[in-house]
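A.B. asks: Below is the structure I would like to discuss, written out as structure tokens.
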Amino acid sequence: MQRRTKRLVLRDFVASDRESVRRWRSDPEVMRYLDQPRGSDPDSWFDTVLRHSAYHPRTTYDAAIVLRKTGDVIGWIGMGRTIDPGAGDLVVGYALGRQWWGHGYMTEALVAMLEFGFTQLGARAISAQYYVANPASARVMQKAGMRPAGRAVSANPALGESERYIAIRDEWRKPRRRWLGLFSVLLALGLLPAAAG
């Protein structure tokens with residue numbers, strides 16, 4: 001898989017990404033709220049991801065989040081089928097290296113992954129969940145246009161309660177840039193001149 005956004009490329013992991021993955025998957029703060037069904041060892045996780053990417057047909061899509069400007073692998077976003085009827089057709093998860101937090105990269109990646117799930121995989125609904133103790137993850141989901149969908153079963157009860165967000169294909173709209181919305185409001189209020197015609 002490969003998706004491009006303004007600042008990112010989402011693509012399948014390749015063998016040369018291993019060292020980058022080790023760096024951010026070895027950071028306890030990055031891994032703090034990340035369920036680890038494939039184990040906590042970065043190399044074991046990475047080997048499993050490479051193996052799953054080679055399956056045909058694919059059941060999961062684990063993508064490297066790559067900065068277009070530098071080529072750095074800054075995180076992961078993954079999507080796969082779910083058997084939980086309340087979770088939609090697909091479920092998405094993600095992690096981002098700490099030095100790249102707060103720049104909107106994760107929201108940008110999530111929007112691209114939602115588009116991929118709806119347009120390429122034919123999903124009707126895609127969900128994500130977060131631990132209530134990690135509200136930053138909920139903000140990413142909100143900014144990507146997902147809506148709250150109630151409580152979810154916590155994969156790790158020691159981390160507390162979980163809540164779910166969902167995007168429904170027929171309702172979801174790709175979020176617009178904030179400045180376009182602000183421009184429209186200012187124009188409507190008469191605070192900006194209309195373009196001459």
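The values are calculated or read from the model by the stated rules, or taken from the named source; none is laboratory data. Please read these numbers as outputs of a predicted model, since none were measured by experiment. Here Cβ is always computed from backbone atoms with ideal geometry, including for glycine, and neighbour counts include all displayed protein chains. With ligands, DNA and RNA removed, areas are computed over all heavy atoms of the protein, side chains included. Shrake-Rupley method; radii C 1.70, N 1.55, O 1.52, S 1.80 Å.
A.B. asks: Given H placed on each backbone N at 1.01 Å, which residues far from D62 in sequence or on other chains put an amide H within less than 5 Å of it?
C.D. replies: Those lying under 5 Å, H to H, from D62 are M79.
A.B. asks: Taking only Cα atoms, what is the 0 to 90° angle, nearest 10, from helix 105-119's long axis to the longest principal axis of the chain?
C.D. replies: Taking Cα atoms only, the helix is inclined about 90 degrees.
A.B. asks: In whole Hz, with x marking every Gly and Pro, tabulate ³J(HN,Hα) for segment 80-85 from phi via Karplus 6.51 cos²θ - 1.76 cosθ + 1.60, θ = phi - 60°.
C.D. replies: With coefficients 6.51, -1.76 and 1.60, one gets x, 5, 10, 9, 7, x Hz.
A.B. asks: Next question. If I take R0 = 30 Å and measure r between the Cβ atoms of S154 and D41 in this structure, what FRET efficiency does the formula 1/(1 + (r/R0)^6) give, to the nearest 0.05?
C.D. replies: It comes out at approximately 0.85.
A.B. asks: Moving on to the next point. Quick one: what are the phi-derived ³J(HN,Hα) couplings along segment 135-144, Karplus 6.51/-1.76/1.60 with θ = phi - 60°, whole Hz, x for glycine and proline?
C.D. replies: Listing the rounded values in order: x, 4, 5, 4, 5, 4, 4, 4, 5, 7 Hz.
A.B. asks: What would the Debye equation give as log₁₀ I(q)/I(0) for the chain at q = 0.13 Å⁻¹, counting only Cα atoms as equal point scatterers?
C.D. replies: Each listed q corresponds, in turn, to -0.71.
A.B. asks: To continue, here is another question. Can you tell me the FRET efficiency between R7 and S53 if r is taken as the Cβ-Cβ distance and R0 is 22 Å, rounded to the nearest 0.05?
C.D. replies: E(calc), rounded to 0.05, equals 0.40.
A.B. asks: Using protein chains only and a probe of 1.4 angstrom, how many square angstrom of T119 are accessible, to the nearest 10?
C.D. replies: Answer for T119: close to 90 Å² accessible.
A.B. asks: Taking amide H atoms as placed 1.01 Å from N in the peptide plane, list the residues 5 or more away in sequence, or in a different chain, whose amide H sits under 5 Å from that of A149.
C.D. replies: Amide H to amide H, under 5 Å and 5 or more residues apart or across chains, A149 pairs with R164, Y165, I166.
A.B. asks: Can you give the accessible area per residue of segment 48-126, in Å², using a 1.4 Å probe?
C.D. replies: I get 46 Å² per residue for segment 48-126.
A.B. asks: Further, regarding this structure: Using a simple spin-label model with points 7 Å from Cα along the Cα→Cβ vector, what separation in nm is obtained for L121 and E161?
C.D. replies: 2.8
A.B. asks: Then there is this: Using 0.36 nm times the number of residues separating R81 and M31, minus their current alpha carbon distance, what extension gain do you get?
C.D. replies: The span from R81 to M31 would gain 15.8 nm if fully extended.
A.B. asks: List the aspartates and glutamates whose Cα sits under 17 Å from the Cα of K174, skipping any in the same chain fewer than 8 residues away.
C.D. replies: Straight-line reach from K174, under 17 Å: E108, E115.
A.B. asks: Carbon and sulfur: what percent of segment 7-87's accessible surface (1.4 Å probe)?
C.D. replies: After summing per-atom areas, the C and S share lands at 52 percent.
A.B. asks: With Cβ to Cβ distances under 15 Å as the rule, what net charge do the other residues near D170 carry (K, R +1; D, E -1)?
C.D. replies: +2
A.B. asks: Separate question: On a full-extension model of 0.36 nm per residue, what is the gain between A15 and N134, subtracting their alpha-carbon distance, rounded to one decimal in nm?
C.D. replies: 39.7 nm
A.B. asks: Could you order Y131, Y61 so the one with the most accessible surface comes first? Probe is 1.4 Å.
C.D. replies: Largest accessible area first, the residues go Y61, Y131.
A.B. asks: Still on this structure, please answer the following. Counting only Cα, what are the radius of gyration and maximum Cα-Cα distance Dmax of segment 1-66, in Å?
C.D. replies: 12.3, 34
A.B. asks: Starting from the amide H of S154, placed 1.01 Å from N in the peptide plane, find each other amide H under 5 Å away whose residue is 5 or more places distant or on another chain.
C.D. replies: S162
A.B. asks: Output needed for segment 76-126: three equivalent-ellipsoid semi-axes, defined as square roots of 5 times the C-alpha gyration tensor eigenvalues, in descending order, whole Å.
C.D. replies: The equivalent ellipsoid of segment 76-126 has semi-axes of 23, 12, 7 Å.
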